[in-house]
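To keep things clear, I will list the structure first and then write my remarks on it.
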Amino acid sequence: RSNLRENYTFDNFVEGKSNQLARAAATQVADNPGTAFNPLFLYGSTGLGKTHLMHAVGNEIRERNPDAKVVYMHSERFVQDMVKAIQTNSIEEWKRHYRSVDALLIDDIQFFAGKERSQEEFFHTFNALLEGNHQVILTSDRYPKEIEGVEERLKSRFGWGLTIIIEPPELETRVAILMKKAQESNFDLPHEVAFFIAKRLRSNVRDLEGALNRVIANANFTGKAVTIDFAKEALRDMLALQEKLVTIDNIQKTVAEYYKIKLVDMSSKSRSRSVARPRQIAMALAKELTNHSLPEIGAAFGGRDHTTVLHACRKVNDLREENHDIKEDFSNLVRTLSS
Ligand code: ADP
Ligand code: MG
């Protein structure tokens, strides 16, 4: 049995800046399993499409070659299976089975933490598969080196192929995902309502799906027209939770801590780079993560003008393109603030 979910395909995976690289790599792996990138390691926080992409590769491989043996497993299940094989004296058979597959997809590898015997077995299976040019795809909620409780030699092998992050989708992608999912459910979702939901639910796709399902259910149940107010009401508790989470205050504190500068420097007049850059990043985060207007954000940062905020947002956007550290800092901060 392959355990592949047929509805997780490339076709219904909406592409955006945040997942573009991961999607491209996954496509290449599906085109040339075992040789393009091996292993392919996808990481990123929960609900961003790692499992979906992994299945998409598996489905595509099977579509081209129906005889291909593709096995998907959640890592916990993989461990359980192995323990059972040991208990029933069938570990040799177990090994043979896993070493014979064309593609092995192990999801949420962080659950291997602390399971030494499983890591040992997996290490050998993994090596055997790589040597035979069988494809391995792994996912995790964090960068391989940051998974605690997993042997170093295993972590270093995870990085032999290609390691790619999936980031939280930006606004346009969130809107596109909502529109696509609504369309798949034959639900007529007004664009401004999709925009309203996407603007407020920023951290992951699973929440977007949950929100959409709620709106659809309420619409079917009440028969009311789907307006922004209707969505606001249907999603009241979900939205309240988000608003509470991300405030300008919270952003300023988090950014100051992250860059080890003083909180007062968020509003000070200082123009020194070590303070001005974090301040600009905090302004950009406030624009992206809250619903405050540019003048409101400026006011919260020591009474600055709205054009200063606008300039900061543009500057940070450019820097995120050019400067790897800033790109990394920004996504770390978004993650911290929206989790
Ligand atoms: P993860 O494994 O990263 O936690 P999943 O792959 O389970 O996330 O994705 C959560 C849900 O969001 C799934 O139903 C998946 O189909 C959907 N999803 C995530 N990203 C996308 C995307 N880019 N386009 C369409 N659906 C997506
Ligand atoms: Mg997953």
Once the convex hull of the C-alpha atoms of region 97-149 is built, how many Å³ does it hold per residue, rounded to a whole number? 77 Å³
Computed E for Leu21/Asn89 - FRET, C-beta separation, R0 56 angstrom, nearest 0.05: 0.80
Spread of Cα-to-Cα distances over 10 Å intervals beginning at zero, given as percent, for the chain: 5, 22, 26, 23, 16, 6, 1, 0
Calculate the all-directions average of the projected area of region 247-338's alpha-carbon convex hull, and give it in nm². 5.0 nm²
May I ask for the angle, rounded to the nearest 10°, between helix 273-289 and the longest principal axis of the chain, with both axes built from Cα atoms and the value confined to 0 to 90°? 80 degrees
For region 28-117, the fraction of alpha-carbon pairs in successive 10 Å shells from zero, as %: 15, 44, 32, 9
In degrees between 0 and 90, to the nearest 10, how far off the longest principal axis of the chain does helix 20-31 point, with axes built from Cα atoms? 20 degrees
Take the alpha-carbon centre of region 278-335, take the same for region 88-158, and report the distance between them in whole Å. 40 Å
Percent of C-alpha pairs per 5 Å bin, region 62-160, short to long: 2, 12, 24, 27, 19, 10, 4, 1
Apply 1/(1 + (r/R0)^6) to the Cβ-Cβ distance of Leu263 and Asn186, taking R0 = 45 Å, and write down the FRET efficiency to the nearest 0.05. 0.35
Could you work out [θ]222 nm for the chain from helices alone, using -39500 (n - 2.57) per DSSP H run of at least four and dividing by all its residues? Round to the nearest 500 deg cm²/dmol. -18500 deg cm²/dmol
Could you tell me how many degrees, from 0 to 90 and to the nearest 10, lie between the Cα long axis of helix 116-131 and the main elongation axis, the longest principal axis, of the Cα atoms of the chain? 80 degrees
Does region 171-244 come out rounded, prolate or oblate by the C-alpha gyration tensor, with a ≥ b ≥ c the root eigenvalues, rounded set by a/c under 1.5 and, if not, prolate when a/b is larger than b/c and oblate if not? oblate
Which lysines have a Cα less than 24 Å from the Cα of Lys199, not counting those fewer than 8 places away in the same chain? Lys17, Lys50, Lys180, Lys181, Lys224, Lys232, Lys244, Lys253, Lys287, Lys315, Lys327
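Computed from the coordinates by the stated procedures, all read-outs in this text should not be read as laboratory data. The shown structure was predicted, so the numbers you read here are calculated from the model rather than taken from an experiment. Here the Cβ is made from the backbone with ideal geometry for all residues, glycine too, and neighbour counts use every protein chain on show.
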